[in-house]
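A short write-up of the structure that comes next.
Derivation of every value follows stated rules applied to the coordinates shown; laboratory data play no part. Quick caveat: nothing in here was measured; it's all calculated off a predicted structure. When we count neighbours, we look across all protein chains shown, and the Cβ atoms used for this are built from the backbone with ideal geometry, even at glycine.
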Amino acid sequence: MVLFNLGPQDVKVRIKALGICGSDVHHFKTMRCANFIVKKPMVIGHECAGFIEEIGSEVKSLQVGDRVALEPGISCGRCSLCKNGSYNLCPEMKFFGSPPTNGSLAHKVIKFLASRTGIFAILSCIQEKILFINQVVHPANLCFKLPDNVSLEEGAMCEPLSVGVHACCRANVGPETNILIMGSGPIGLVTLLAARAFGAPRIVIADVDVQRLSIAKNLGADETIQVSTDIKDVAAEVIKIQNAMGSGIDVSFDCVGFDKTMSTALNATRSGGKVCLIGLAKSEMTISLTPAAAREVDVIGIFRYRNTWPLCLDFLKTGKINVKPLITHRFGFSQKEVEDAFETSAQGGSAIKVMFNL
């Protein structure tokens, strides 16, 4: 029985580990994330890993049984952005769980009829059977074999980790780059881990949540600063952050995306430094750019990632990055567990990465 159409360069993957992303929560709760709006029923989920169950006729790099992490975006490969290497900006990108493309957090339920006594007796002995499947068909070049010492859960974590890795690449983080991170949620924390792996000597992280700041400290942040949500406090908090750094802040990462966090990052960064906007909490911001422009503070943005999975897997394999402490909650896939998992993720606090084991 054919369940999926498998192209010659595709593989069929049984999904076994899948994490909940903040964007999944936004889609689940508000039917949108930034400018991506849910307009019809859609399966969400894009942080995933699993086993190869079938390979296309032209696939040579993977075998049945291989454990793989999936890069969840399929670009067109034809537009100028794709040809120039910026495939993450492809206007025709099909990205798991981003409207209108279905994601990988689903059971496909197949009902079929079977007989235990043969085709001639099928009318007298018919049974209805149900097959539950967690499978996706995906291009083989977007499936990356996991090293033996990297688990499926860690493989699924390559997706959020890729955001931090791509941000560090865009900002040219290195051994002489002092880092400020605004926000100690999952993306702020993977950016912390990535920046340290790239050699950043000093990292300060700011957030409103004391509990998450404690987690950041345990993961290696040099200093943590509790801030408020009141934009009137920016000037005073900038002084606290700069004092905590002890020297100039070369690169600031805004992993939230509010007027307040971006204003703080712009004002705290040294003249000639960079501010990288990662978080997309708001579709629009109203902030003063003139003072930052007068100090030649560069503002750069990132959108997802590109060409990051091999580096992420190397970081995990060699132990330069350990994502295991980020996986704080695990759930199965019953209706109640799915609801509980999303509620847990949405509450934040001690819940960093909520993982489904399918």
> Reachable lysines from K282, Cα under 20 Å, same-chain residues fewer than 8 places away excluded?
Replying inline: K29, K39, K232, K260
>> Would segment 232-358 count as rounded, prolate or oblate if I go by the C-alpha gyration tensor, calling it rounded below 1.5 in a/c and otherwise prolate when a/b exceeds b/c, oblate otherwise?
In response: prolate
>> Let me check against my output: what whole-number percent is the relative contact order of the chain, with C-alpha pairs under 8 Å and at least 6 apart?
In response: 17
> What is the log10 of I(q)/I(0) for the chain, computed with the Debye formula using one identical point scatterer on each Cα and no solvent, at q = 0.07, 0.09, 0.14, 0.15 Å⁻¹?
Replying inline: -0.33, -0.53, -1.18, -1.33
> Which far-off residues, 5 or more places away or on another chain, put their amide H under 5 Å from the one on C79, with H placed in the peptide plane?
Replying inline: none
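What is the sum of charges, Lys and Arg at +1 and Asp and Glu at -1, for the other residues whose Cβ falls under 12 Å from the Cβ of S350?
On the way: positive: R212, K353; negative: D209.
My count for the surroundings of S350 gives +1.
With the cut-off at 1.5 for a/c, could you classify segment 255-308 from its C-alpha gyration tensor as rounded, prolate or oblate? Write down the numbers at each step before the final one.
Working: a/c = 2.33, a/b = 1.31, b/c = 1.78.
Taking the square roots of the gyration eigenvalues as a ≥ b ≥ c, segment 255-308 is oblate.
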> Check V299: other-chain or 5+ apart residues with amide H under 5 Å from its amide H, H built from backbone geometry?
Replying inline: V275
> Going by average Cβ neighbours within 10 Å, how do the peptides 147-155, 295-303 rank, with the highest at the top?
Replying inline: 147-155, 295-303
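If you take every DSSP beta bridge fully contained in the chain, what fraction is antiparallel? Give it as a percent rounded to 5.
In the chain, approximately 60 percent of DSSP beta bridges are antiparallel ones.
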>> Need the list of lysines near K60 for cross-linking: C-alpha distance under 19 angstrom, and skip anything on the same chain fewer than eight residues off.
In response: K12, K145
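With charges only on Cβ, +1 for K and R and -1 for D and E, what is the dipole size of segment 132-259 about its Cα centre, in debye, rounded to 20?
Numbers: 8 positive and 15 negative charges, 39 e Å.
That gives a dipole near 180 debye.
Does segment 299-352 come out rounded, prolate or oblate by the C-alpha gyration tensor, with a ≥ b ≥ c the root eigenvalues, rounded set by a/c under 1.5 and, if not, prolate when a/b is larger than b/c and oblate if not? Please report the intermediate quantities before stating the final value.
Values: a/c = 2.28, a/b = 1.66, b/c = 1.38.
The shape class here is prolate.
Determine the calculated [θ] at 222 nm for the chain from helices alone, applying -39500 (n - 2.57) to every DSSP H run no shorter than 4 residues and normalising by the residue count; nearest 500 deg cm²/dmol. Before the final figure, lay out the partial values.
On the way: 11 runs with 102 residues, N = 358.
Counting only the DSSP helices, I get -8000 deg cm²/dmol.
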> So what's the net charge close to N5: Lys and Arg +1, Asp and Glu -1, counting the other residues with Cβ under 12 Å from its Cβ?
Replying inline: -1
> Projected onto the charge dipole of the chain (+1 at Lys/Arg Cβ, -1 at Asp/Glu Cβ, origin at the Cα centre), which of N84, L62, V238 gives the Cα projection farthest towards the positive end?
Replying inline: L62
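Going by average Cβ neighbours within 10 Å, how do the peptides 21-31, 237-247 rank, with the highest at the top? All intermediate terms of the calculation are to be shown ahead of the outcome.
Details: 21-31: 18.2, 237-247: 16.5.
Put in order of decreasing packing, that is 21-31, 237-247.
Defining a contact as two alpha carbons under 8 Å apart and six or more residues distant in sequence, what relative contact order in percent does segment 164-301 show?
Details: 286 pairs, mean separation 30.9, N = 138.
Relative contact order here is 22 percent.
With +1 on each Lys and Arg Cβ and -1 on each Asp and Glu Cβ, and nothing else charged, work out how big the dipole of the chain is about its Cα centre, in Debye to the nearest 20. Don't skip to the answer; put the middle values down first.
On the way: 37 positive and 33 negative charges, 131 e Å.
So the dipole magnitude of the chain works out to roughly 620 debye.
Among 339-348, 274-283, how do they line up from the highest to the lowest mean number of other beta-carbon atoms within 10 Å?
Numbers: 339-348: 16.5, 274-283: 19.9.
Most protected by this proxy first, the peptides run 274-283, 339-348.
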> Looking at segment 164-301, what % of the alpha carbon pairs are farther apart than 26 Å?
Replying inline: 10
>> Taking the number of other C-beta atoms within 10 Å as the exposure measure, put L161, L146, L180 in order starting with the fewest.
In response: L146, L180, L161
> Taking K217 as the anchor, which aspartates and glutamates have their alpha carbon closer than 17 Å to its alpha carbon, excluding any fewer than eight residues away along the same chain?
Replying inline: D207, D209
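How much net charge surrounds E223 when only other residues with a Cβ under 15 Å from its Cβ are counted (Lys, Arg +1; Asp, Glu -1)? Before the final figure, lay out the partial values.
Numbers: positive: R196, R202, R212, K217, K240; negative: D207, D222, E237.
Charge balance in the 15 Å sphere: +2.
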> Among Y87, Y305, which comes first, then next, by fewest other beta-carbon atoms within 10 Å?
Replying inline: Y87, Y305
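Would you list C169, C48, C76 from fewest to most Cβ contacts within 10 Å?
The most exposed by this proxy come first: C76, C169, C48.
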